[in-house]
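Visitor: This is the structure I have questions about; it appears just below.
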Amino acid sequence: MQFTLHNSYPWPADIVVQVFADQDFFTEKYRRCGAENIRVLAYEHDGDRSHITVERQVRLAEIPAFARRILPTTLTLVQSDDWDRSSKSGHIDIRLSGVPARITCDMVLADNTGGAEMTLDFRINVDVPLVGERLARLLALDLKRKFRIDSEQAAIVIAELAPRYGG
């Protein structure tokens, strides 16, 4: 399953992409979004490239009967974010512990009037016979709900961290 989401920020793309390379951004954003047991597993910041892998636990909103045997109410996510600040492009890879699903996303930041816009192209793959597509739709619905909250909290955290980078 594939879908695209957009997010706008009132800062230039050069500032936003630098904040996206700051591990404080991730830990604070996830904390504000209600995640638990947040741990930075890997962090690299070298020249124009950055990489961070964060593990966290999140709750699923609602789990229909067909998915209760496959999905727990609380998921452990291991998410890796990679950014190339020179091209302002990035990639996310999300693994769900104990669930045969993988979420990937290609991201691009671009300046627009009044700030920056991020385009996120998501792909959800679920390797479960018979119910895989239904499960992918369920994960997409939950991801879209969480994205709205994530975006709101990201804007707050970016506002706090932007001064570190001249914003």
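Visitor: If a residue has to be under 20 Å from the mean Cα position of the chain (by Cα), at pLDDT below 85 and not charged (D, E, K, R) to count, how many in the stretch 43-70 make the cut?
Guide: Residues that pass the stated criteria total 2.
Visitor: On to the next question. Tell me whether the stretch 93-110 contains one or more residues that are more than 16 Å from the chain's Cα centre (by Cα), of a type in the set (Ser, Thr, Tyr) and in a strand (DSSP E or B).
Guide: No, the conditions are met nowhere in the stretch 93-110.
Visitor: In this structure, is Asp82 crowded, with 16+ Cβ neighbours inside 10 Å, among the acidic types (Asp, Glu) and modelled with pLDDT of 95 or more?
Guide: So Asp82 passes the test.
Visitor: Check whether at least one residue in the stretch 122-135 is of a type in the set (Lys, Arg), under 17 Å from Glu55 (Cα atoms) and touching a residue at least 12 places away in the same chain (Cβ under 8 Å), and report yes or no.
Guide: No: the stretch 122-135 contains no residue that is of a type in the set (Lys, Arg), under 17 Å from Glu55 (Cα atoms) and touching a residue at least 12 places away in the same chain (Cβ under 8 Å).
The values are calculated or read from the model by the stated rules, or taken from the named source; none is laboratory data. Quantities reported herein were computed from a predicted structural model and do not represent experimental measurements. As a convention, Cβ positions derive from the backbone with ideal geometry for all residues, glycine included, and neighbour counts pool all protein chains shown.
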